[in-house]
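Undergrad: Have a look at this one.
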Amino acid sequence: MTKKAQSLCAGAAVRKEMLSALRDRLGPQQYNAWFGHGTAVTVEDGHVRVAVANPFVANWIEKHYAAEISAAGEAAAGARLAVVVTVDPELSGELRKRQLDVQAKIVLRARRGACRGRSARAAPPAPMRYRLADFVVGQSNKMAYSAALAVVNGSAAFNPLFVHGSCGVGKTHLLQGICNAVSRTVRDSQPAAWRYVTGEQFTNEFVQALRHKQFAQFRARYRGLDLLAIDDVHFLAAKKAIQEEFLHTFNAIQAAGKQIVLASDAHPQMVGQLSAQLASRFIAGMVVKIDAPDKPTRLEILRRKSRGMNLTLEQDVIEYVARHIRGSARELEGTLFKLAALSSLEKSPVGIEMARSALADHLSRTDSALTLGDIEAATSAFFGVTPADMHSSRRTRTVSVARMVAMFLARRNTPMSYPEIGRAMGKNHSSVVLAVKRMEKALADNADLLWSGVMGRKTMPAREVSRLLENELS
């Protein structure tokens, strides 16, 4: 045997032992998700080379598993091995080929009658409005978009995928785009079974099932899905019975190896009165935030939307709108609708003067600075109350703590005076002063804040509450 052949045999033996050690360190679920399919691992010349299908997976493995790979390699080889992660586009084709081979075998078994007795699935839902191909990708959303593509390509690593961000930044677009893409795949010899609902729709269906004693039908509708996408999942907060039912649905789908995708206005840990079991399951998967679009993304959104509306805009008009409308894609679209309407009424093209005149009022009301409304929305979501509760005369512990924190954050992060905050929240000047002083003392003393709700008592250091909320508002 040549020296090269001996080296290859030794490398293969070390590789086998290293992968076994890596499986033990990560557990079978994480190992299979990242290294069991579509990943090639070789050991040679003192290096562990990990080849993956795309840059997203490469970055994730480098960030989260490089140390584990190195430790497993050292345990197998008796010496430290350098870890190198590379991208091999051919692996994507190989992964797809294996998936198609599996599907072909399933179809063949079905034709032979091996699937007799399996209950027929319901007719697939109608296609959704949004497609992934139409999603404008930028710095603010590329991580979420890459994760969505990974889900469509069958990656089990992002289960569940939890997307969060403020209104109008593209969460619904991603969820519906995933559903449309998955609807074109074949699983178990039939089109993939998927369902897209909002948190409110899931709640309403649960209530109807409870009222008409149709729990069997309700559970069958959800628990046999290949993909469940729930938008506005924060709507389930403070609804204990519905959260318990959704927890069982979640467990059943995930246990079957199927995919769950969720969207919310806030991070799972920021959704008040969400059960600890659900919150822990949400953060066990991939949690990714979509921020408001940056200027290059806003420019591209305006170009695409205006083309779709057959609205001709000069570059200076597009630049003007992108520079001043810094919120969501929905705000940009609304601005284009207004410009299109004015252009039609005045029977003239949209010029920079028309844009300035038409949008003067709109721009004055869409200042990108943090507002009291932003603070109230984030704080009420965190504590599981509503802004109306904080404006009311209610003095329950939870409402009082939420009101105190909102007043403190408003004073610290906005130019509003004590009287202005008081008027906006329906309180007097002295109430705001007292609330701010109480919060400042809690921060100085590193004291805990205590509140309660339908999910029981909660406690958290005041500094941690302030940090979480300010991160959410940044």
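Just so you know, all these numbers are worked out from the coordinates, no wet-lab data involved. What you see is a predicted model, and the numbers here were worked out from it, not measured in a lab. Methodologically, a virtual Cβ is constructed for each residue, glycine included, from the backbone with ideal geometry; neighbour enumeration extends over all protein chains shown.
Undergrad: Please give the contour-minus-distance gain from ASP316 to ASP445: 0.36 nm per residue of separation, less the Cα-Cα distance, rounded to one decimal in nm.
TA: Length gained between ASP316 and ASP445: 41.1 nm.
Undergrad: With the cut-off at 24 Å, tell me which of the pairs LYS239/LYS458; LYS213/LYS239; LYS239/LYS441; LYS171/LYS258 have Cα atoms farther apart than that.
TA: LYS239/LYS441
Undergrad: How much net charge surrounds SER417 when only the other residues with a Cβ under 14 Å from the Cβ of SER417 are counted, with Lys and Arg +1 and Asp and Glu -1?
TA: Result for the neighbourhood of SER417: +3.
Undergrad: Relative contact order (percent) for region 372-473, with alpha-carbon contacts under 8 angstrom and 6 or more residues of separation?
TA: Relative CO of region 372-473 lands at 26 percent.
Undergrad: Another question about this same structure. Say each of GLN269 and ALA341 gets a label point 7 Å from the Cα, pointing the same way as Cα to Cβ; how far apart are those two points in nm?
TA: Spacing of the two 7 Å Cα→Cβ label points: 4.3 nm.
Undergrad: While we're on this one: What length, rounded to one decimal in nm, is gained on full extension from ARG304 through to ALA284, with 0.36 nm per residue of separation minus their alpha-carbon distance?
TA: 3.6 nm
Undergrad: Which whole-angstrom value gives the distance between the alpha carbon centres of region 319-351 and region 253-296?
TA: 33
Undergrad: Using mean Cβ contacts within 10 Å as the protection proxy, how do 336-345, 384-393, 397-406 order, highest first?
TA: Highest mean packing first, the order is 397-406, 384-393, 336-345.
Undergrad: Order by neighbour count: THR249, THR379, fewest other Cβ atoms within 10 Å first, most last.
TA: If I rank by nearby Cβ atoms, fewest first, I get THR249, THR379.
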